[in-house]
Structure formats: structure tokens, C-alpha cells
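Colleague: Below you'll find the structure I mean.
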Amino acid sequence: MSNINLIDSFQEFKDFKNIDRPTMMSVLEDVFRSMIRKKYGTDDTC
């Protein structure tokens with residue numbers, strides 16, 4: 001899936017569920033941090 005398609009999918013979901021942008025960004029950050037922790041054992045940036 002291309003980056004544009006992924007962004008469009010998140011935009012559609014946000015609009016469909018009537019979620020504001022800051023909340024959606026927070027949810028996505030939490031999801032990606034969780035995935036990183038699961039794969040690498042940490043989400044430290046340095």
C-alpha cells in the first residue's frame with residue numbers, strides 16, 4: 001500500500017468516525033509505539 005493510500009484510508013476513517021485530528025494523531029502514535037515495543041522491546045528514539 002502506498003503512503004498516499006494509507007493517508008487517505010486514515011482520513012476516511014477519521015471522517016467516518018467523526019474523530020478530530022489531534023485525537024487521531026494520538027491514537028496512531030500509540031499504535032505505532034506499541035508495534036515498535038512489541039517488535040524491538042523498546043520505543044526509545046535514542
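Each reported figure results from applying straightforward, stated rules to the coordinates on display, with no laboratory input. Model, not experiment: these values are computed from the prediction. Glycine gets a Cβ as well: all are built from the backbone with ideal geometry, and neighbour counts include every protein chain shown.
Colleague: If you average 1/r over all unlike Cα pairs in segment 1-42 and invert the result, what Kirkwood radius do you get in angstrom?
Modeller: 11.3
Colleague: Let me ask something additional. Give the calculated FRET efficiency between Ser34 and Ser2 to the nearest 0.05, with a Förster radius of 22 Å applied to their Cβ-Cβ distance.
Modeller: Computed FRET efficiency for Ser34 and Ser2 comes out at 0.40.
Colleague: Pairing the Cα long axis of helix 3-17 with the longest principal axis of the chain, what angle in degrees results, from 0 to 90 and rounded to the nearest 10?
Modeller: Tilt of helix 3-17: around 60 degrees.
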